[in-house]
């Protein structure tokens, strides 16, 4: 891109940029973040370009009424699918925050986007400790980030955080699971969960807590549930074309305009790709879970988990401040060069696989084939 871009905000993985005309862009970097730590010390080569391709491809698909119509004709009968939403998508597509007319800049790791306001919760001191205050959402604003991550699950793979909550009978009933799943179990329909988006650590929420934080009406909440199920099925079908299985993932939304009843529409934002989805092929994980696995047995990860627990017990909201006070010289360990190369190949091979399933040109024509990456990851875990 010839235009000069100014960095407005730097995130752990992607940055918010602006050109001289005022157009905003996500700039996807080669950085990665795990365990709510933020930026890790290594870069994964060409990861940013792969993620920008994923984001553009998925948003383009979701925006297209014709593609929704074609997909829904072969959907079959799912009694839990809201057919009114399917009809709306087939007529108008789904609104996203991508600026479609400028989408060709993915090769530079960029995604042109619309702006939405972010209302960060304030922190109040109570007798029980610190707590987040979401009263800024009382006015039910529009053109604003929904302060939730909406999580969908098609099963319970190894490493799923679902196992931390699933023994709670009331919670399990709320999300629609009749029995406690075992590792590797698949679900009859997508299970939907919610977590916070704007806190120092993602916090899982009950349905009533999610509604309260975002000040969702009953109609808005039910639509968000139904829309997420449909989007999850759509993503699953796309990956199935490339013989990749989608286990779970997350979506983020913004509030759009109000209808005649005062209920707001939902616009999908952020990005969709291997950092937001848990994927596998032949039982081998193909997502950020692999990067997490590189650290789970490290002393650093143990101290991160210890700090999160202690901070929670003390009523402290910023666990990382506590970490640095307690372990001032303990930074994340570095990856080995062979790990960086392997997971770079993973991101590029997944982007190519997505392109093939969409009958698009491969974004990385010289990259290692996905089957070879699967075999290499399997060997690395067994070795």
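When you scan the stretch 278-293, do you find a residue that is more than 18 Å from residue 346 (Cα to Cα), in contact (Cβ under 8 Å) with a residue 24 or more places away in the chain, buried (at least 18 other Cβ atoms within 10 Å of the Cβ) and in contact with a helix residue (DSSP H, G or I) (Cβ under 8 Å, 6 or more places away or on another chain), even just one?
Filtering the stretch 278-293 for residues more than 18 Å from residue 346 (Cα to Cα) gives none.
There is no residue in the stretch 278-293 that is more than 18 Å from residue 346 (Cα to Cα), in contact (Cβ under 8 Å) with a residue 24 or more places away in the chain, buried (at least 18 other Cβ atoms within 10 Å of the Cβ) and in contact with a helix residue (DSSP H, G or I) (Cβ under 8 Å, 6 or more places away or on another chain).
Residues in the stretch 177-200 that are within 19 Å of the chain's Cα centre (by Cα), surrounded by fewer than 19 Cβ atoms within 10 Å (Cβ to Cβ) and farther than 16 Å from residue 135 by Cα: 195, 200. For residue 231, the conditions (1) surrounded by 17 or more Cβ atoms within 10 Å (Cβ to Cβ); (2) in contact with a helix residue (DSSP H, G or I) (Cβ under 8 Å, 6 or more places away or on another chain); (3) modelled with pLDDT under 95; (4) within 30 Å of residue 348 (Cβ to Cβ) are fulfilled apart from (3). Of all residues in the stretch 38-50, which are in contact with a helix residue (DSSP H, G or I) (Cβ under 8 Å, 6 or more places away or on another chain), surrounded by fewer than 17 Cβ atoms within 10 Å (Cβ to Cβ) and under 24 Å from residue 201 (Cα atoms)? Scanning the stretch 38-50 gives 38, 43.
Taking the stretch 68-123, which residues are in contact (Cβ under 8 Å) with a residue 24 or more places away in the chain, out of contact with any helix residue (DSSP H, G or I) (no Cβ under 9 Å at 6 or more places or on another chain) and farther than 25 Å from residue 18 by Cα?
123
For the stretch 132-144, the candidate set comprises residues that are within 30 Å of residue 310 (Cβ to Cβ), out of contact with any helix residue (DSSP H, G or I) (no Cβ under 7 Å at 6 or more places or on another chain) and surrounded by 14 or more Cβ atoms within 10 Å (Cβ to Cβ); within that set, the residue that is modelled with the highest pLDDT is 136. Number of residues in the stretch 201-214 that are surrounded by fewer than 18 Cβ atoms within 10 Å (Cβ to Cβ) and either under 17 Å from residue 166 (Cα atoms) or out of contact with any strand residue (DSSP E or B) (no Cβ under 6 Å at 6 or more places or on another chain) (or both) equals 8.
The values are calculated or read from the model by the stated rules, or taken from the named source; none is laboratory data. What you are looking at is a predicted structure, and each value in this text was computed from that prediction instead of being measured. In this analysis, Cβ positions are derived from the backbone assuming ideal geometry, glycine residues included, and neighbour counts consider all displayed protein chains.
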